[in-house]
Amino acid sequence: MASRSCLYAFLVLFLLAFEPTWKLVKATDIPPPLCRRVEGSSAELLEFALNMEYSIAEFFNCAATGEGIAIIAPDLVHGGPNSIGCARANLDDVTRAIFAEFGFQTVRIIRAILQASRLIKEIPMPQIDIRAVTLRRLVNGAFGGNLNPPFNVYANTNNILPSSTLLVSMARHYYIGISPYIVGDEFEALQGRHVRS
């Protein structure tokens, strides 16, 4: 009998000694210092999303056709400046067709955002810098140094695919991140449509 109670006592002490700390600390107790909500109204949050959509549309359309939104859909520019560095990428035919479709789809998303909500004012398209040099700086920063030979996002299909994935993923994460802060049925419906697209 004594050995059985000693065994139970040992097991209880053993379990208490190695109890996981994840039960004691919740993720919401100590928020990371850089993960703070950016203050803004629902309209302002969606206007920023609209600027991201402009960047994505410009990137895909320039890479596929060599023409930006100012040529493809001039009614969406609203007096904004032309982008800097719009260049046709060296892509194979299949990737070029896919990029063109992504670009046209993003133009449709911009048009839907502007038409579906009378609460979002028509803002001029921002000046977007999509030169190879600018994108090279982003890649060098991601790798922590200068790449040799210098990275050119427009050089071939293999170079442009990671950049395009990053842009689309960043926009989707932004939409998901702002979803708790969108107030109003019209804004919620608009934001929800684009998270699913």
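Each value in this text was obtained by applying a stated rule to the coordinates, not by laboratory testing. The structure presented is a predicted model; accordingly, all values stated were derived computationally and were not measured.
Data overview
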quantity: Long-range HN-HN contacts of Asp129 with modeled amide H, under 5 Å; calculated: Ile84
quantity: Angstrom value of the Kirkwood radius, inverse mean 1/r, which spans all Cα pairs in segment 58-99; calculated: 10.6 Å
quantity: Contour excess over end-to-end distance, with Cα ends at Leu147 and Ile84 and 0.36 nm allotted per residue; calculated: 20.4 nm
quantity: Debye intensity ratio in log₁₀ form over the Cα atoms of segment 40-196, taken at each q of 0.11, 0.15, 0.17, 0.20 Å⁻¹; calculated: -0.45, -0.81, -1.00, -1.26
